Every structure is written in C-alpha cells, then in structure tokens.
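The values are calculated or read from the model by the stated rules, or taken from the named source; none is laboratory data. Computed from a prediction, not measured in an experiment: that's the story for all the values here. Here Cβ is always computed from backbone atoms with ideal geometry, including for glycine, and neighbour counts include all displayed protein chains.
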Amino acid sequence: MKKYQDARLLLIGPLALVLMNTACVSTTLQLPSDHPARIDAPSGRVEMEPAAILRPNAPLYPSEARAVMAEGEDREPAPNGTREAPYVGQGVIQRIGDGQLEIRHQAIPGFMGAMTMPFPITEEVMNDSLEVGDEIIFKIEVHPEHGLQIFSVDVLATESDQAEPAPDGTREAPYVGQGVIQRIGEGQLEIQHEAIPGFMGEMTMPFPIAEEAMNDSLEVGDEIIFKIEVHPEHGVQIFSVDVLAAESDQAPANETGHEHNVPGPTGSSTP
C-alpha cells in the first residue's frame, strides 16, 4: 500500500510542474519595445496611468492617447485661460477707461462668480463703437507676461422693438411736457401743463428757460411741447420749446377782407 502511494506522488509531482509552467506561459504579456516594464526600455520619466502596465497596447504618452480617441468624438476643451480655451463671460459695460472696461457680469464658468469689476483689455479689442450700457460677450486669457486680460468682445444686438430710454433729466433723455403758456417773464415761462412722465404731476408753475429756447415768437396762450433737463450747474431748466400748430379752420374765412360775390339764379352777381 505504501509503495502504491509513493508511486502516485512521483506521478503527480511532475504533472503539477508541467501544468504550472503551462499556465505561466499562457499569461505572459507581450510588451512593446518601448514599454517601461522592459529592461531595454528608453530611460526617462514616462507619464502614463498605472493601469496601463496591465494593458501592453495602451498609449504611453498623452499625445498618443489623443490620437487614438474614438473617431468623430468632438469635445470642447475645458477653459484654462488660453486663447484656444479662454474663459467666456457675459455682462454689461459700466465704464470705459484707459485700457480697461468695467463690466457688470454674470458668473464666468470655471473662473469667478457674478460681480462688477474692471478688466484690462488688449489693444485690438478697444474701439470707438463700444459704449457704456452695451451688453457684451467677452473672452479672457491669462497671458504669461501681461496677466489676466480680455482679448475679444462681441456686442449683443439690441431688439428692434426696444423701447426709448427712460427719461433721466439729460439732454439725451429729457423730461417732456405739454402745456399752455400763462406768462412770459425774464428768463422763465409760466406753464399750465399736463403730468410730465417720470417727473411731476399736472400743475401750473414757472420754469427757468435756457437762452437758446427763448425767442420773441412765443406768446401767452401758445400750446407747446417743452423738454426739461436737470443741469448739473443751473438745475431744472427748459432747453427746447416747440409751438403746436393751430388748426387750419382757425384762419379767417375771407383773407381779402371783401365779401364773396355769390352768383344769382341767372348767373349774374347779387347786388
């Protein structure tokens, strides 16, 4: 019995060695010539993901990885402050300074939250067409020498049906009233006027008038359209007056001053 067991051990031992050797050969990885696990691989730092050691055909360098991306895959690069992948913001110009724009902007993805702040701008961006109040799309780069700066600005088109700007007491957006002249004084007009939108209600009151608006053709009783500015030095004053035309049927019926000859039944004039 003991001899039989010894014989079995003698047979099993070599068989186990054969099986182990076969298994090892079948799982040996065929590594490319430049794989870092090879003895004769090129020296130097290799940037690769650790799991690539187990995948011999995995790309070793980032440039190779991009080359083998699935065909047709088109991803926008994440913004990093370069001209190729800039930070993009949207906002409204608050002030235009020397070499900079102050912008009230929304949150800029990957860069900063919503706020109002000045941004340096490149020379090619600044032009005379930019105005305070323009809504813009702007692109930011972080230049290695000049630092943070805007290098592209696009003004968003305004809607064609945009309303007139609200009056604010300037000559560009004045308060506009309509009324009738009650009295003409030195440097002022007393006007009975309707409510003036955004400024005051209906009333009768004297208004200072700018020199260029006063002329000898104005008369008490004239119905006028007048424009008001709030001047930084002179205060409230009328700077424009337009007299509304009288109705055509207010003209005299006979401009010659003579009676019309009305034809009689026989075609002759009546005495």
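Of the listed requirements (1) closer than 26 Å to L101 by Cβ; (2) out of contact with any strand residue (DSSP E or B) (no Cβ under 8 Å at 6 or more places or on another chain), A245 misses just one: (1). Here V262 meets the list (1) more than 21 Å from V176 (Cβ to Cβ); (2) touching a strand residue (DSSP E or B) at 6+ places or on another chain (Cβ under 9 Å); (3) exposed (fewer than 10 other Cβ atoms within 10 Å of the Cβ); (4) modelled with pLDDT of 80 or more almost entirely, failing just condition (4). If the condition is being surrounded by fewer than 16 Cβ atoms within 10 Å (Cβ to Cβ) and of a type in the set (A, V, I, L, M), then segment 97-125 contributes A107, M112, A114, M115, M117. Would you mind stating whether A173 is more than 30 Å from I93 (Cα to Cα), surrounded by 11 or more Cβ atoms within 10 Å (Cβ to Cβ) and hydrophobic (A, V, I, L, M, F, W, C)? So A173 does not fit the description; no. Residues in segment 224-238 that are more than 13 Å from T170 (Cβ to Cβ) and either among the aliphatic types (A, V, I, L, M) or surrounded by 15 or more Cβ atoms within 10 Å (Cβ to Cβ) (or both): I224, I225, F226, I238. Do you know which residues across segment 83-140 are in a strand (DSSP E or B) and among the acidic types (D, E)? Residues satisfying the conditions are E102, E135.
Considering only residues that are over 24 Å from A245 (Cβ atoms) and either part of a strand (DSSP E or B) or not assigned by TED's automatic domain parsing to the domain that holds E233 (or both), which ones fall in segment 189-218? Matches in segment 189-218: M200, M203, M205, P206, P208.
This table checks each residue for (1) touching a helix residue (DSSP H, G or I) at 6+ places or on another chain (Cβ under 9 Å); (2) modelled with pLDDT of 95 or more; (3) within 30 Å of H231 (Cα to Cα).
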residue	(1), (2), (3)
P59	yes, no, no
P62	no, no, no
E71	no, no, no
A78	no, no, no
R104	no, yes, yes
V132	no, no, yes
V142	no, no, no
I150	no, yes, no
E164	no, no, yes
